[in-house]
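Visitor: Here it is, the structure in full.
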Amino acid sequence: MTNIAIFASGDGSNFQSIIDAFKTKKLIVDKIILITNKQNCYARTRAKINNIKNYNFLLQDYEDKNEYERDILKTLKKENIDYIFLAGYMTMITNILLDEYNNKIINTHPSLLPSFKGKDAIQYALDYKVYLSGFTIHYVNIEMDAGEIIFQKAVRVFKKDTHDSLKKRIQKQEHKYYWQIMNKIIKGEI
Ligand code: GAR
């Protein structure tokens with residue numbers, strides 16, 4: 001039995017590709033739950049449409065981030081979650097979760113790390129006029145976008161690219177590969 005939690009804050013297009021792989025039995029997990037930190041993010045709607053349990057935690061409802069993460073941890077334990085996969089979860093993970101899920105928290109980031117860390121990775125790639133960008137799947141540690149790299153895929157950046165067109169090209173690759181890398185991690189092949 002392998003149960004996973006997807007953490008998201010936004011549109012949830014990566015979450016959707018994970019749901020699709022789960023429903024077609026390509027992703028070899030037994031249960032998926034969604035953890036969100038934004039009241040109105042579309043990822044929550046996707047969870048509802050697809051009958052996936054969603055727990056929403058708002059930082060402002062807690063004394064501090066430790067208390068917030070302790071509450072998330074309680075839910076993860078209750079749901080017997082084995083791995084956490086971040087998919088556009090736009091806040092740092094702290095030691096509360098890192099200690100409990102050592103090497104079991106994984107993130108996808110829209111650049112070839114260590115270039116362009118942080119939340120504006122796609123804009124940085126355009127500003128620097130790089131020819132290649134892409135995405136990186138990596139373990140999460142206490143530093144932002146700095147954990148050990150698991151997988152990278154390069155994507156061309158064209159002169160005529162806008163934020164939207166580059167984002168689309170990168171996400172197409174994330175959607176194709178993230179669940180495949182999940183399978184490898186779960187099988188112990190990585
Ligand atoms: C993804 O492209 C992911 O790489 C990025 O947020 C997007 C979420 O899109 N993550 C980060 O920038 C983390 N620093 P989605 O909500 O449509 O899946």
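Derivation of every value follows stated rules applied to the coordinates shown; laboratory data play no part. Note that the coordinates shown come from a computational prediction; the quantities given were computed from them, not determined experimentally. Cβ placement follows ideal geometry from the backbone for every residue including glycine, while neighbour counts extend to all protein chains displayed.
Visitor: Could you list the residues of region 100-128 with an amide nitrogen less than 17 Å from a label point located 7 Å from the Cα of residue 90 in the Cα-to-C-beta direction?
Guide: 108-111, 117-125
Visitor: Using +1 at the C-beta of Lys and Arg and -1 at the C-beta of Asp and Glu, which of 140, 123, 76 has the Cα lying farthest in the positive direction of the dipole of the chain?
Guide: It is 123, whose Cα lies furthest towards the positive end.
Visitor: At 7 Å along Cα-to-Cβ for each site, give me the label-to-label distance between residue 127 and residue 99 in nm.
Guide: If labels sit at residue 127 and residue 99, their model points lie 3.6 nm apart.
Visitor: Right, something else. Label region 120-169 by shape, choosing from rounded, prolate and oblate, from the square roots a ≥ b ≥ c of the eigenvalues of the Cα gyration tensor; if a/c is under 1.5 it is rounded, and otherwise prolate applies when a/b is larger than b/c, oblate when it is not.
Guide: Numbers: a/c = 2.67, a/b = 2.01, b/c = 1.33.
Because a/c hits 1.5 or more and a/b exceeds b/c, region 120-169 counts as prolate.
Visitor: Say R0 is 30 Å: what FRET efficiency, to the nearest 0.05, do residue 117 and residue 20 get from their beta-carbon distance?
Guide: Working: r = 29 Å, r/R0 = 0.96.
After rounding, the FRET efficiency stands at 0.55.
Visitor: Taking region 84-190, how many lysine pairs are there with alpha carbons less than 12 Å apart, if each pair must be eight or more places apart or span two chains?
Guide: Working: 129/159; 129/160; 153/172; 153/176.
Taking region 84-190 as the scope, the lysine pair count is 4.
Visitor: Related question: Under a cut-off of 20 Å between alpha-carbon atoms, report the aspartates and glutamates in cross-link reach of residue 23, not counting same-chain residues fewer than 8 places apart.
Guide: 11, 79, 82, 174
Visitor: First select every other residue whose beta carbon is under 10 angstrom from the beta carbon of residue 1; then total the charges, Lys and Arg +1, Asp and Glu -1. Walk me through the numbers before you get to the answer.
Guide: Numbers: positive: 31; negative: 30, 82.
Once positives and negatives cancel, what remains is -1.
Visitor: Taking H as built 1.01 Å from N, whose amide H comes closer than 5 Å to the amide H of residue 150, not counting residues under 5 places away?
Guide: Under 5 Å from the amide H of residue 150: 137, 138, 139.
Visitor: Hey, could you pull the Cα Rg and Dmax for region 82-189, both in Å?
Guide: Taking only Cα atoms of region 82-189, I get Rg and Dmax of 14.0, 45 Å.
Visitor: Could you tell me which of rounded, prolate or oblate describes the chain, using a ≥ b ≥ c as the square roots of the eigenvalues of the alpha-carbon gyration tensor, with rounded for a/c under 1.5 and, failing that, prolate when a/b is larger than b/c and oblate otherwise? Don't skip to the answer; put the middle values down first.
Guide: Numbers: a/c = 1.56, a/b = 1.39, b/c = 1.12.
Taking the square roots of the gyration eigenvalues as a ≥ b ≥ c, the chain is prolate.
Visitor: Right, something else. Please sort by residue number the GluC sites (Glu not before Pro) in region 24-133 whose DSSP state is loop and whose Cβ has at most 12 other Cβ atoms within 10 Å.
Guide: Working: sites: 63, 67, 69, 79, 100; in loops: 63, 79.
Those that pass, being in a loop and sparsely packed, are 63.
Visitor: Can I ask one more? Round to the nearest 10 and give me the degree value, 0 to 90, for the angle of helix 13-23's Cα axis relative to the longest principal axis of the chain.
Guide: 60 degrees
Visitor: For residue 189 paired with residue 162, estimate the spin-label separation in nm (one decimal), with each label point 7 Å from Cα along the Cα-to-Cβ line.
Guide: Between residue 189 and residue 162, the simple spin-label model gives 3.9 nm.
Visitor: Something else about it: Between the alpha-carbon centers of region 36-71 and region 87-125, tell me the distance in whole angstrom.
Guide: 18 Å
Visitor: Another question, then. Starting from the amide H of residue 38, placed 1.01 Å from N in the peptide plane, find each other amide H under 5 Å away whose residue is 5 or more places distant or on another chain.
Guide: Distant-sequence amide H within range of residue 38: 57.
Visitor: Given the options 131, 178, 89, which has the most mean-square fluctuation in a GNM of the chain, springs set between C-alpha atoms less than 10 angstrom apart?
Guide: Looking only at 131, 178, 89, the largest GNM fluctuation is found for 131.
Visitor: Where in region 40-82 is the amide nitrogen less than 17 Å from a point lying 7 Å along the Cα-to-Cβ axis of residue 30?
Guide: Label zone hits: 53, 76-82.
Visitor: Mean separation of Cα pairs under 8 Å and 6+ residues apart, divided by the residue count of region 1-140: what relative contact order is that in percent?
Guide: Working: 221 pairs, mean separation 33.9, N = 140.
RCO, region 1-140: 24 percent.
Visitor: List the trypsin sites (Lys or Arg not before Pro) within region 24-89 that fall in a DSSP loop (any state other than H, G, I, E or B) and whose Cβ has at most 13 other Cβ atoms within 10 Å.
Guide: Values: sites: 25, 26, 31, 38, 44, 46, 48, 53, 65, 70, 74, 77, 78; in loops: 25, 26, 38.
Of the trypsin sites (Lys or Arg not before Pro), the ones in loops of region 24-89 whose Cβ has at most 13 other Cβ atoms within 10 Å are 25, 26.
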